[in-house]
């Protein structure tokens, strides 16, 4: 599995240090179900993805949906277990983050994201 660092293109701020790139059917379906909460600085990128379900989840998440140009089309804060979120027609993929990440970031709809290989840890 590919691991990336995600940055805000305009400011250079890091949104997440290490995010798994989930692009297989099984990884996207499983996501974070029945797993421990994500530590701060970690997340997962679901590609392709235009909706997120929180079935069998143990924690709330922040979600960032982005389009084919890596521009944010929607953000969702504190999505709770057993809820569903839809990114809309333009959403190509989603980033799942620990709840509270978006409140600490300056990411907003229309912002562009950069994805680069994460440094080995």
Exercise. Would you mention how many residues in the stretch 22-43 are buried (at least 17 other Cβ atoms within 10 Å of the Cβ) and either at pLDDT 90 or above or touching a helix residue (DSSP H, G or I) at 6+ places or on another chain (Cβ under 8 Å) (or both)?
Key: 3
Quiz item: Checking residue 46 against (1) under 15 Å from residue 1 (Cα atoms); (2) surrounded by fewer than 21 Cβ atoms within 10 Å (Cβ to Cβ), which test does it fail?
Solution: (2)
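The values are calculated or read from the model by the stated rules, or taken from the named source; none is laboratory data. Not measured: the values here are computed from a predicted model. Don't worry about glycine lacking a Cβ; one is built from the backbone with ideal geometry, like all the others, and counts go over all protein chains shown.
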